[in-house]
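Notes to accompany the following structure.
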Amino acid sequence: MNKPPMNLPALFAQMGDWKYYSTIMRLGDVADRVGFADQINEVRPGRQLSDLIQRALTEGRAAEIGGYLTANEDRFFNSLVVAVYGGDPEWLEFEIGANQVNPLAGGVPEWAANAFGFLHLSGEETLFAIDGQHRLAGISSALARDASLADERISVVVVAHKTSDEGRRRTRKLFTTLNRSAIPVNKSEIIALDESDASAIITRRLVEEHPYFSGGQVLAKYGAANLPASDGEHFVTIIKLYDLVSYVLGYIVNSLDRERRTRLRYVRPSDAVLDTYYTRTAQFFETFANAMPELKEYFLAKGDAAKAIVQRERHAQNNVLFRAVGVEIFVRLIYQIKEEDEVSWRSAIKKVAALPRRFTDVPYRDVIYDTSGERLILGRTRLTISLLSYMLGYEPGDKDDLRRKYAEALEQEVSGTRLPRRIKTA
């Protein structure tokens, strides 16, 4: 169905052999006029894979972005990139003469003289997003919740799309270039700068204020997710601490559902709520450390004494809790026990404190830790958690399957493999 004509304020520009218009559109018009390429009949009948331009959209991602728009007064988006074909788009430029009086000293540069105008859309055009499809879906989701957002404006870059095979290839190439060249925000930048992500805010506060993390225990190096194998100084990287905080905050100390866990990333809670979240998260780490004598010793030590404990526990004793993967395993197991037994996380911590904590012990040995090569084995976290859970007396969903996976990890015959011995807990 045709739309009413529209004049969009625009700047004309060219880069390479692409001519484009940088315009402004209202969110309501964007939702009404801009579609998704995989929904457009122009992408030939049958929608062969070679013609599909659009990435798959997920309802969850659209809802996340919609929630961001409706919940944040300081909301902001990058430009959408939209392809246009059909109809009768027309560029109406302002005529600016070389001698025209203007407030700019030196006059209008020659290269900019033809850059100002309006892009006229007849209403018969077809518009589809080639960059910003999730933002487009989020806009529709937000408007469904709050129609007053329809008059807000967003920057839109409009490019011409031709309906020939060459035109399709050209637009697909632009799509892949934009999406392949886009650099996602580094997690280090989120932790350092994000003022909406509750986990980032709490992680910064822990590193700045809490005695367990503010005295050099955390490696705050840009882009470093893991500690170097030879590190004998730090307890954890700030990226891994952020991951732990995110898990503890959402699953353990607050027991949030999926939607509220998602909101923690995009919608800043009130300062009072953030204070509560920080206190609960700090209490978790304090309780967890106090239940493990070696951790308690480490976090109470300072300077060279603390470094000596790291050297001893990580390198000499092969202590699971002095590697990020080991702490992650224990934290996830605490959540599992908390949910299964319907007990507090403090009670769950007491249970896991009875588990072995050396990589050379069962069940870590040759499952998640290669004793011959003295290195961690990737991809075995879930299996290790299942084995530890079994040792604490919990029945697996499929005991034979757990035994088979354990045998495969140990490179043994299933018939000759027994699950680890169970242990008594307080």
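For segment 165-180, how many residues are at pLDDT below 70 and polar (S, T, N, Q)?
Number satisfying all stated conditions: 2.
Quick one: how many residues across segment 111-167 are surrounded by fewer than 20 Cβ atoms within 10 Å (Cβ to Cβ) and assigned to a helix (DSSP H, G or I)?
14
Among the residues of segment 250-263, is there at least one that is touching a Leu at 6+ places or on another chain (Cβ under 8 Å) and under 24 Å from ASP197 (Cβ atoms)?
Of the residues in segment 250-263, the ones touching a Leu at 6+ places or on another chain (Cβ under 8 Å) are 250, 256.
Still in the running and under 24 Å from ASP197 (Cβ atoms): 250, 256.
Yes, there is a match, as at least one residue in segment 250-263 is touching a Leu at 6+ places or on another chain (Cβ under 8 Å) and under 24 Å from ASP197 (Cβ atoms).
Let's see how each residue does on (1) among the β-branched types (Val, Ile, Thr); (2) loosely packed, with under 14 Cβ neighbours inside 10 Å:
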| site | (1), (2) |
| --- | --- |
| ILE239 | yes, no |
| GLU259 | no, yes |
| THR262 | yes, no |
| VAL273 | yes, yes |
| THR281 | yes, no |
| PRO293 | no, yes |
| ALA301 | no, no |
| ARG312 | no, no |
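So which residues in segment 195-219 are outside any helix (DSSP H, G or I) and touching a strand residue (DSSP E or B) at 6+ places or on another chain (Cβ under 8 Å), if there are any at all?
Keep residues of segment 195-219 that are outside any helix (DSSP H, G or I), which gives 195-197, 210-219.
The answer is GLN217, VAL218, LEU219.
Please count how many residues of segment 341-384 are assigned to a helix (DSSP H, G or I) and of a type in the set (A, V, I, L, M, F, W, C). Explain how you work it out, then say what you get.
Filtering segment 341-384 for residues assigned to a helix (DSSP H, G or I) gives 341, 345-352, 381-384.
Those left that are additionally of a type in the set (A, V, I, L, M, F, W, C): 345, 348-349, 352, 383.
Of the residues in that region, 5 qualify.
Quick check on this structure: which one of VAL331, VAL367, VAL327, VAL320 is of a type outside the set (S, T, N, Q), more than 28 Å from VAL253 (Cα to Cα) and modelled with pLDDT of 95 or more?
Numbers: VAL331 fails: more than 28 Å from VAL253 (Cα to Cα); VAL327 fails: more than 28 Å from VAL253 (Cα to Cα); VAL320 fails: more than 28 Å from VAL253 (Cα to Cα).
On inspection, the qualifying residue turns out to be VAL367.
Within segment 253-278, work out how many residues are part of a loop (DSSP other than H, G, I, E, B), under 21 Å from the mean Cα position of the chain (by Cα) and over 20 Å from GLU342 (Cβ atoms).
Going through segment 253-278 one residue at a time, the tally reaches 3.
Would a scan of segment 167-175 turn up a residue that is under 30 Å from THR279 (Cα atoms), touching a residue at least 40 places away in the same chain (Cβ under 8 Å) and under 25 Å from the mean Cα position of the chain (by Cα)?
Within segment 167-175, the subset under 30 Å from THR279 (Cα atoms) is none.
Looking for residues that are under 30 Å from THR279 (Cα atoms), touching a residue at least 40 places away in the same chain (Cβ under 8 Å) and under 25 Å from the mean Cα position of the chain (by Cα), one finds none in segment 167-175, hence no.
Select from segment 208-263 the residues that are of a type in the set (Phe, Trp, Tyr) and within 19 Å of GLN283 (Cβ to Cβ) and list them in ascending order. Reasoning before the result, please.
From segment 208-263, those of a type in the set (Phe, Trp, Tyr) are 212-213, 222, 235, 242, 247, 251; that's our starting set.
Across segment 208-263, the qualifying residues are TYR212, PHE213, PHE235, TYR242, TYR247, TYR251.
So, in segment 102-161, how many residues would count as being farther than 15 Å from ASP32 by Cβ and either aliphatic (A, V, I, L, M) or not assigned by TED's automatic domain parsing to the domain that holds GLY28 (or both)?
Total meeting the criteria: 12.
With the structure loaded, tell me whether GLU90 is at pLDDT 85 or above, more than 16 Å from SER155 (Cα to Cα) and not assigned by TED's automatic domain parsing to the domain that holds ARG260 or whether it fails that test. Reasoning before the result, please.
Values: at pLDDT 85 or above: yes; more than 16 Å from SER155 (Cα to Cα): yes; not assigned by TED's automatic domain parsing to the domain that holds ARG260: yes.
The answer is yes for GLU90.
Could you say whether any residue in segment 203-215 is in contact with a helix residue (DSSP H, G or I) (Cβ under 6 Å, 6 or more places away or on another chain) and on the phi > 0 side of the Ramachandran plot?
No: zero hits.
For VAL362, indicate whether it is hydrophobic (A, V, I, L, M, F, W, C), surrounded by fewer than 20 Cβ atoms within 10 Å (Cβ to Cβ) and either in contact with a Cys (Cβ under 9 Å, 6 or more places away or on another chain) or at negative phi (or both). I'd like the intermediate steps shown before the answer.
Details: hydrophobic (A, V, I, L, M, F, W, C): yes; surrounded by fewer than 20 Cβ atoms within 10 Å (Cβ to Cβ): yes; either in contact with a Cys (Cβ under 9 Å, 6 or more places away or on another chain) or at negative phi (or both): yes.
So VAL362 fits the description; yes.
Taking segment 401-420 only, how many residues are part of a helix (DSSP H, G or I), modelled with pLDDT of 95 or more and either surrounded by fewer than 11 Cβ atoms within 10 Å (Cβ to Cβ) or touching a Phe, Trp or Tyr at 6+ places or on another chain (Cβ under 7 Å) (or both)?
Result for segment 401-420: 1.
Mind checking which residues of segment 340-367 are more than 15 Å from GLY393 (Cα to Cα) and acidic (Asp, Glu)?
Across segment 340-367, the qualifying residues are GLU342, ASP361, ASP366.
Within segment 220-233, is there a residue that is among the basic types (Lys, Arg) and in a helix (DSSP H, G or I)? Walk me through how you get there before you give the answer.
So the first thing to find is which residues in segment 220-233 are among the basic types (Lys, Arg), and the list is 221.
With the extra rule that they be in a helix (DSSP H, G or I), the set shrinks to none.
Checked against the condition, which is being among the basic types (Lys, Arg) and in a helix (DSSP H, G or I), segment 220-233 yields no hits at all.
The values are calculated or read from the model by the stated rules, or taken from the named source; none is laboratory data. Fair warning: this is a prediction, and the values are worked out from it, not measured in the lab. No Cβ is skipped: glycine too gets one built from the backbone with ideal geometry, and neighbour counts run over all protein chains shown.
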